[in-house]
1. Can you give me the span-like helices of the chain, meaning DSSP H runs with 15 Å or more of Cα extent along the axis and Kyte-Doolittle mean at or above 0.0?
2. With the cut-off at 28 Å, tell me which of the pairs 9/168; 33/121; 106/127 have Cα atoms farther apart than that.
3. How far, in nm, would the chain grow between residue 149 and residue 36 when pulled straight, counting 0.36 nm per residue and subtracting the alpha carbon separation?
4. Considering the options 151, 20, 52, tell which one lies farthest towards the positive end of the dipole of the chain, charges being +1 on Lys and Arg and -1 on Asp and Glu at the Cβ, about the Cα centre.
5. Quick check on the exposure proxy: order 12, 63, 167 from fewest to most C-beta atoms within 10 angstrom.
6. Using Cα-Cα distances under 8 Å and only pairs 6 or more residues apart, what relative contact order does the chain have, in percent?
7. Given the convex hull of the Cα atoms of the chain, what is a quarter of its surface area in nm²?
8. For 118, 25, what's the fewest-to-most ordering of other Cβ within 10 Å of each Cβ?
Amino acid sequence: MVLKQCLTKDLKSLIRITQTTYSEHYQYLWKDKGEQYIQANYSAAALTKELMDENVSLYFITKADKIYGFLKLQINAPLDNYTAKDALELARIYLLKKGMGKGLGKAVMQAVEEIAIHLEKQVIWLKTMDSSEAAQFYQSCGYEVCGGTKLVIEGLYPELQQQLIMKKLL
């Protein structure tokens, strides 16, 4: 597994992988199968803005030169008693369904930890939908639940708005 940092020249591939992976995993949350959310967050304009943001790092998750997913890190993202300087948010990690079960997720989580250590962070944190199976995966990688929040967005089924906040101390 290799993380390949996304550049502006990669925009078309980034749009394709973000929209595909999100659709594969999260359509069930939305009344419109996530179309409005995808257009708001994974359009050319939205992704270009993220590529230009100095606090965001986007990566392709690759294996044998094939893209299996993407990763988004918020480099300086405070959590509870941790300052922005001390905390890294794993804001997105999405794999194509065909990439699951191949050890890619565990390898990505290890790579994120190495990035955080290199950046001298004290904690990595993330949010995950409590209706998703991802929380179990994160727990297997050493993350613990430290809180919760509600994702209130038009079109999201109200009963599926709960998110867990999880963290891992370094």
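Computed from the coordinates by the stated procedures, all read-outs in this text should not be read as laboratory data. Note that the structure is predicted; figures quoted are calculated from it, not measured. In this analysis, Cβ positions are derived from the backbone assuming ideal geometry, glycine residues included, and neighbour counts consider all displayed protein chains.
1. 104-118
2. 9/168; 33/121
3. On the way: separation 113, 0.36 × 113 = 40.68 nm, distance 2.14 nm.
Difference between extended and current length: 38.5 nm.
4. 20
5. By the 10 Å Cβ count, ascending: 12, 63, 167.
6. Working: 282 pairs, mean separation 33.7, N = 170.
Taking the mean separation of contacting Cα pairs over the length of the chain, I get 20 percent.
7. Working: hull surface 37.5 nm².
Across all orientations, the chain yields a mean hull projection of 9.4 nm².
8. Fewest to most other Cβ atoms nearby, the residues stand as 118, 25.
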